[in-house]
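Single-structure report; data block below.
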Amino acid sequence: MSKDEQENRLKRRSGALDKFGPCGESGPIDDRNEYEQRLNCLPAEQKELAEESTRFADLCQYFSQQKMDIPPSVVERVGGVSKLPVPDRIRAMKDINRELMEYLNDVGQDPGIRQ
């Protein structure tokens with residue numbers, strides 16, 4: 001394959017990913033209202049998965065800001081979520097989010113002396 005053919009092939013591939021860039025239709029959304037509008041356009045099952053994924057992303061951001069590590073068991077579970085069918089993904093993400101919230105609650109409790 002010539003150099004020109006390779007360059008053209010790369011351009012076509014990167015063009016397919018442009019929609020995920022900052023100005024693309026599936027790119028990051030800074031405005032929460034716009035995000036909610038796009039979310040409401042999704043089918044019910046996809047909307048629920050997107051909401052749970054957003055909760056997870058928010059929790060991860062909080063962990064990062066607090067300079068806390070996510071428990072290894074959660075990291076391991078998240079790695080397998082993408083292989084599940086959508087209804088099972090939703091259930092798994094709800095469980096993961098619940099586990100992270102419980103972890104935050106447990107870590108945040110004052111370990112002082114109890115009387």
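Every number here is computed from the coordinates shown, using simple stated rules; none is lab data. Fair warning: this is a prediction, and the values are worked out from it, not measured in the lab. Neighbour counts are summed over all protein chains in view; Cβ atoms, including those assigned to glycine, are modelled from backbone coordinates with ideal geometry.
Among the conditions (1) outside any loop (DSSP other than H, G, I, E, B); (2) touching a residue at least 12 places away in the same chain (Cβ under 8 Å); (3) among the aliphatic types (A, V, I, L, M), the only one that ALA57 does not satisfy is (2).
Candidates in the stretch 49-66 are the residues that are hydrophobic (A, V, I, L, M, F, W, C) and surrounded by 14 or more Cβ atoms within 10 Å (Cβ to Cβ); of these, the one that is farthest from TYR35 (Cα to Cα) is PHE63.
Of the residues making up the stretch 67-95, those that are surrounded by 11 or more Cβ atoms within 10 Å (Cβ to Cβ) and not in a helix (DSSP H, G or I) number 4.
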